[in-house]
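A quick write-up on the structure given underneath.
The values are calculated or read from the model by the stated rules, or taken from the named source; none is laboratory data. Quantities reported herein were computed from a predicted structural model and do not represent experimental measurements. The area values use the complete protein model at the heavy-atom level, side chains included, leaving out ligands, DNA and RNA. Shrake-Rupley method; radii C 1.70, N 1.55, O 1.52, S 1.80 Å.
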Amino acid sequence: MRSSPSGPDPLDPGPLGFAHRGLHSDAASPENSFAAFAAALELGAGIECDLRLTADDQILVFHDSETWRMCSSHLLVAQSTHAELSRLRVGNGPIPTLESLLDLVNGKVPLLLEIKVDGDIRRWMPALKKALRDYRGRHGVMSFDPRISRLLKTNHPRGRRGLVIKDSWSPVRRRAALRLADPHFLAVERTALGRSWVSTERKRRPIYSWTIRGPQQRAQAQVHADALIWESDARP
């Protein structure tokens, strides 16, 4: 049985959903790159991406804590300055900053911005408020760490705030995180779809699901989630 949707979603990306780390495909268009974001914009899909904070409080669009997998460098993002990291390349371009992503998107599609906390939670709100101060496009900020959503409630009240939830979390951990975060939306691991708690939460707020790969996963997720965060063969 289809779970009951909550109400209208200000971040609704439509049937195209959110492209996970942009519409990435190969070495020329890797994840969280300008090329991947431009491809998602051309398709008209929403964009999901990851944010990390440098040692000098600059926000970069990057998933890993270390730069080896994407840039063949052993720099740690949290311990490196933006100047040091700007010399690295993701595909054919530099690691995007949040400001450069916002300039590129310019409100054309909704954004899902996932904050990766690395012992730097106290530095996030000043950096995020500065970066998002003049942005008027639809955007949501989310994290696995419920403290981020709680801080956003008072520090960025005009933005949508979300909690990212793993299927492996215990009921106690999940309930505690939900109470602390008080989120507008949830981003739920795909394998949790169909569970009773997801259906219950969907009556209260929109449910997004990650990461959808392939048509079979898409067919299941469309029944239980309001928007899909997808990549690879799950492209709409």
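Summary table below
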{"item": "Among (1) 18.4, 62; (2) 22.7, 76; (3) 16.9, 52, the entry derived from the coordinates for Rg and Dmax of the Cα atoms in Å", "result": "(3)"}
{"item": "DSSP beta bridge pairing in the stretch 60-162, given as percent antiparallel to the nearest 5", "result": "35"}
{"item": "For the stretch 111-226, accessible area per residue (1.4 Å probe, heavy atoms of protein chains only), Å²", "result": "47"}
{"item": "Alpha-carbon centroid distance for the pair the stretch 81-115 / the stretch 159-236, whole angstrom", "result": "25"}
{"item": "The chain, helix-only ellipticity at 222 nm - DSSP H runs n ≥ 4, -39,500 (n - 2.57), divided by all residues, nearest 500", "result": "-9000 deg cm²/dmol"}
{"item": "Accessible carbon and sulfur surface of the stretch 67-135 relative to its total accessible area, %, 1.4 Å", "result": "48"}
